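Following: one structure in structure tokens, then a few remarks.
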Amino acid sequence: MSLYAPSSPHIHNDNSITKIMLKVLYALIPGILVYIYIFGFGVAINILLAIITALSCEAIMLKIRQRPIMPFITDGSAVITAVLLALSIPSIAPWWIIFLGTAFSIIIAKHLYGGLGYNPFNPAMVGYAMLLISFPQQMTTWQLSTPATFIGLPDSFKFIFGDHTPAQLATDAISGATPLDYLKNQLGLSHHVSDIMNSSNVFGLLGGNGFEWISIAFLIGGLWLVKQKIIHWHIPATMIGSLAAVATLFYVIDPDQYASPLFHIFSGATILGAFFIATDPVSAATTAKGKIIYGACIGLLIYIIRTWGGYPDAIAFAVLLMNMSAPTIDYYTKPKTYGH
Amino acid sequence: MISKLFKFKGGVHIPQHKESSTQLAVEPASIPKRLILPLTQHIGTPAAPIVEVGQKVLKGEKIAQADGYVSAPVHAPTSGIIEDIGDYPLPHPSGMLAQCIVIKPDGEDRWIELKGHSGDYKQLDPSELRNIIRSSGIVGLGGAGFPTSIKHNPGPDRVIDTLILNGAECEPYITCDDMLMREKSREIICGLLITKHALQAKRCIIAIENNKTLAIESMQQAAKEFADRNIEVVAIPTVYPAGSEKQIIYTITGKETPKNGLPLHIGVVCQNVGTTAAVYRAIHHGEPLISRYVTIAGDVKQPRNLEVLFGTSANDLIEQCGGSTADIRRIIIGGPMMGFAMQQITIPVIKTTNCILIDAGQTKDLHTRQYTMPCIRCDSCADVCPVNLLPQQLYWFSKAQELDRIQEYNVFDCIECGCCDYVCPSQIPLVQYYRFAKSEIWKRERETQKSDAARDRHEFHQFRIDREKAEKAEKLRQKKAALKIKKQATDQSNEIGNNDKKEAEPKNAAIVAAMERVKAKKAQQKVEPKNTDDLTDHQKKLVTEIDQRRAEQRETQVSNSNDNAKMDNKEL
């Protein structure tokens, strides 16, 4: 009689990729709910569209690549990519934006590189960068962040699928530049930061009006992920920390020209990026020291691009740039082995 | 008193499953019909049999002796007749066959006459203690099976500051040390005192995981009786692999065993509680090591610990625990984390067998690996690695067979504890990859050694051919010289007249001179003798004899060649 004799260890905990991805999704829920509460149902429709596109593309690619479909389609990674991309684009963008972006993320940035675990770049951010470069107008027209612009479900549908904006909602009245974009433009016209902030209702208490609350919700979800040990504290802490540090430095030097560190942290996608995007394990640095360097460099790059670069927000480019450097960072930050 | 424990990096919390096998007191297992005793129950050279088939042996009689320094003898676990000496399957991951002595017990279980040293071990010299321990066949019972007498011999210059008694037993399911500490705490402490004396250790720490409250109590009680201020029972946190030697040393002392080094290099010796009890029995009662506590756990009707004679088949033990609860799928020797699965059920218990774990698909925890997904570099593995490696990097390199890179990432520091594997969300068999990489590296090293030897041989061959060519050329030159001299001589004889007697002398002188030159050249080219540093007297004698013989041969060759030269001259 010959028994089954595999190599040790013979037991395994019940962790799985699906469980990890599900927890990440749970952590995104508070932010998504606040988003819907403030801006209406556009984002929800986008998320659904993105998930459907992502899973379809994933299935097709797995089929083409002759990989087993069930274990990979249920791992949840494509869903995370879809949700992150949907959260990054304007909630009133036409449907083909999210469709193109998600398809690009899954097909080009993920599967052409070898699928789950093999993509050197964060797929959602590759999709985002492609969209931002190809369709700058659609990608920078955001809903105005005042409670008056809450868009209900039917109108959201019209925005996303319709050819025309709903009659009662003139596009100009409900959409405009994001707070970061607005600030950048106004600074270009040599206004002072404090004057700019007082002059427009796009700014709120901490960052962009409305966006700040979404950020706080994402922060809560992110902290829960750290507590659940799904992500490590290193990347979010050092990313926000370094962004805050440089912002403080310039703010102290000249508060008229440079926005406050709080504004930088709670505007744009800083919090979402710190806890959910930069922490993507596949494309990030993996050693403890490496994560610290990786996070800090992203924070620094965000500030540089926001302040002196050509784009108002910079999460995608900062993350993609650091994705490139991750293997090198890992190589030089090997931990000291026991007894060495 | 120990003031502070150190927390080693990593580790995992695993459901322990230790209650079920600690319900019943330990009883001796019944003597089976046949005992199969492998000659390799330890690390090192296999023991050499000193009995013959058909011979009658008594319980405790030595049946195989240690062969070399790192080796251990084997004793008969009961009285009986040697039935066979031959190859049987070993409890080894490879399932290989090796030489075993098979005893057919006679049922009398009659002891050989024993000589103990009760009470007076302190009068014995540490080296005498070591000799008794060695001849009693005691090896580390924690799992590695390293001969204990060697561990007790740190060398004259080493000071052993701390002797750690390892009662951590961190693997799930295994409870044999736990039961031993509960039931035989006095024996353990006595053995500890002997070991302390043998090592001249300054202090002893008995480290037990804090989930074994009864064992801790029992050991504390026993330690109190002996009233040695330098013995202390310490409860350490329950986290796997707290009982691994490197980790337990760090927990107690905060020191790391240097790479490629031994614990005694940092003044620490670590010993398993079972080994210590065996030391006590060897010194006080003169009993050799013939049995041990073994946990039979998992899917058996009555999981428990038994005191098992070495050579007893796992199958017999499962029967004594009421049999398995369903059809056996896997049988694991050792714990679920580091033990190895066997292909068959009839393998014998040896000195290092601490647990027999049966998987019949009934215990949810023992489920087998799910579908393996790709690595997502989540780093959970690095978080739990107790030696601070980067398991996922090792995995990538191992998969790509980048053997140089994987060594750069210290694959040989991996203790194969399985923590990374246990937590991997992709369920990748990581440890298997590291084992593969290690064996590939060993294979490559062996091949390099082989090809080095072949190259050396080839180079020497080439050297010999060149030398022979040079010698031939030299001979030719000599001939020519001789010819020249002869010519001169003939010229002279033409001038002076016939003078045969004088003729030979200058020729010979020229030849001798030429031979001298060859000799000098040879001496210059002479290869340095290899491996002559550590020769025994006998070998040295052989070498001088051979040298002499060679010298003689050389002389006869020289005279022969002289003769040849003469003959050549004559022919000319």
- Message: If I model a spin label at B:His92 and B:Ser20 as a point 7 Å from the Cα along the Cα→Cβ vector, what separation in nanometres do I get?
- Response: 3.2
- Message: Based only on Cα atoms, what mean projected area does the convex hull of segment A:178-329 have, in nm²?
- Response: 8.4
- Message: Using 28 Å as the Cα-Cα cut-off, could you pick out the over-long pairs in A:Lys291/B:Lys18; A:Lys19/B:Lys246; A:Lys334/B:Lys438; A:Lys334/B:Lys399?
- Response: A:Lys291/B:Lys18; A:Lys19/B:Lys246
- Query: Which lysines have a Cα lying under 26 Å from the Cα of B:Lys472, excluding residues fewer than 8 positions away in the same chain?
  - Reply: B:Lys480, B:Lys484, B:Lys486, B:Lys487, B:Lys507, B:Lys519, B:Lys521, B:Lys522, B:Lys526, B:Lys566, B:Lys570
- Task: Enter the mean number of other protein chain beta carbons within 10 Å of the beta carbon of each residue in A:122-130, as an integer.
- Result: 0
- Item | Calculated FRET value between A:Lys336 and B:Asn494, using beta carbons and R₀ = 60 Å, to 0.05 | 0.05
- Which value in nm describes the separation of the simple spin-label points at B:Glu225 and A:Lys63, placed 7 Å from the Cα toward the beta carbon? 7.6
- Query: How about segment B:165-238: which trypsin sites (Lys or Arg not before Pro) there are in a DSSP loop, with at most 10 other Cβ atoms within 10 Å of their Cβ?
  - Reply: B:Arg229
- Message: Looking at chain B, identify the longest residue range that excludes and avoids all GluC sites (Glu not before Pro) in DSSP loops having at most 14 other Cβ atoms within 10 Å.
- Response: B:114-401
- Query: Across peptide B:74-86, what mean number of C-beta atoms from other chains lies inside 10 Å of a residue's C-beta?
  - Reply: 0
- With a 1.4 Å probe and every protein chain kept in, tell me what percent of the accessible surface of chain B is carbon plus sulfur. 50
- For the protein assembly as shown, the charge dipole (Cβ of Lys, Arg +1; Cβ of Asp, Glu -1; about the Cα centre) points to a positive end, and the Cα of B:Ala314, B:Cys424, B:Cys270 closest to that extreme belongs to B:Cys270
- Specify the inter-centroid distance of segment A:117-136 and segment B:241-287, based on alpha-carbon positions, in whole Å. 55
- Message: At a probe of 1.4 Å, how much accessible area disappears from chains B and A on forming the pair, both sides counted, to the nearest 100 Å²?
- Response: 4600
- Item | Accessible area of chain B divided out per residue, in Å², using a probe of 1.4 angstrom | 49
- Message: Give me log10 I(q)/I(0) at q = 0.17, 0.19 Å⁻¹ for segment B:373-493, Debye formula, one equal scatterer per alpha-carbon, no solvent.
- Response: -0.85, -0.96
- The summed charge of the A:Asp330 Cβ neighbourhood (under 10 Å; Lys/Arg +1, Asp/Glu -1) stands at +4
- Suppose R0 equals 41 Å; then what is the FRET efficiency for B:Arg554 and B:Ile441 from their Cβ-Cβ distance, rounded to the nearest 0.05? 0.30
- Note on the structure: Mean separation of Cα contacts under 8 Å (at least 6 apart) over the residue count of chain A, i.e. the relative contact order in percent, is 18
- How large is the Kirkwood hydrodynamic radius of the protein assembly as shown, in angstrom, based on all distinct alpha carbon pairs? 34.0
- What nm value, rounded to one decimal, do you get for the distance between B:His285 and A:Asp14 when each label is placed 7 Å out toward the C-beta? 4.6
- Shape box of chain B [Cα atoms, principal axes, largest first, Å]: 120, 64, 50
- Item | Candidate aspartates and glutamates for bridging to B:Lys122, where Cα separation is under 14 Å - those fewer than 8 sequence places away on the same chain excluded | none
- Percent relative contact order of chain B, based on C-alpha pairs within less than 8 angstrom and at least six residues apart? 15
- Message: Using a 1.4 Å probe on the protein heavy atoms, what percent of the accessible area of chain A belongs to carbon and sulfur?
- Response: 69
- Query: When only Cα pairs under 8 Å and 6 or more residues apart are kept, what is the percent relative contact order across segment A:178-329?
  - Reply: 27
- By its C-alpha gyration tensor, with a ≥ b ≥ c as the square roots of the eigenvalues, how is chain A shaped: rounded for a/c under 1.5, else prolate for a/b larger than b/c, else oblate? oblate
- Which value at 222 nm does chain B reach when only helices count, each DSSP H run of 4 or more adding -39,500 (n - 2.57), with the total divided by all residues and rounded to the nearest 500 deg cm²/dmol? -13500 deg cm²/dmol
- Between the residues B:Ala473, B:Ile415, B:Asn388, the Cα farthest towards the positive end of the dipole of segment B:373-493, that dipole coming from +1 and -1 charges on the beta-carbon of Lys, Arg, Asp and Glu, is from B:Ala473
- Query: Considering every residue in B:375-387, what mean count of other chain Cβ atoms within 10 Å of its Cβ is obtained?
  - Reply: 6
- Message: Taking loop as defined by DSSP and a crowding limit of 11 other beta carbons within 10 Å, which chymotrypsin sites (Phe, Trp or Tyr not before Pro) in segment B:326-432 fit?
- Response: B:Tyr371
- Note on the structure: Expected unfolding gain across B:Gln302-B:Arg477 under the 0.36 nm per residue rule, minus the alpha-carbon gap, is 53.7 nm
- Message: Once R0 is set to 41 Å, what does the formula 1/(1 + (r/R0)^6) return for the Cβ-Cβ distance between B:Asp120 and B:Gln55, expressed as a FRET efficiency to the nearest 0.05?
- Response: 0.75
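The values are calculated or read from the model by the stated rules, or taken from the named source; none is laboratory data. Because the structure is predicted, anything quoted here is derived from the model rather than measured. Please note: Cβ atoms are built from the backbone with ideal geometry, for glycine as well, and neighbour counts cover all protein chains shown. Surface areas here come from the heavy atoms of the whole protein model, side chains and all, with no ligands, DNA or RNA. Shrake-Rupley method; radii C 1.70, N 1.55, O 1.52, S 1.80 Å.
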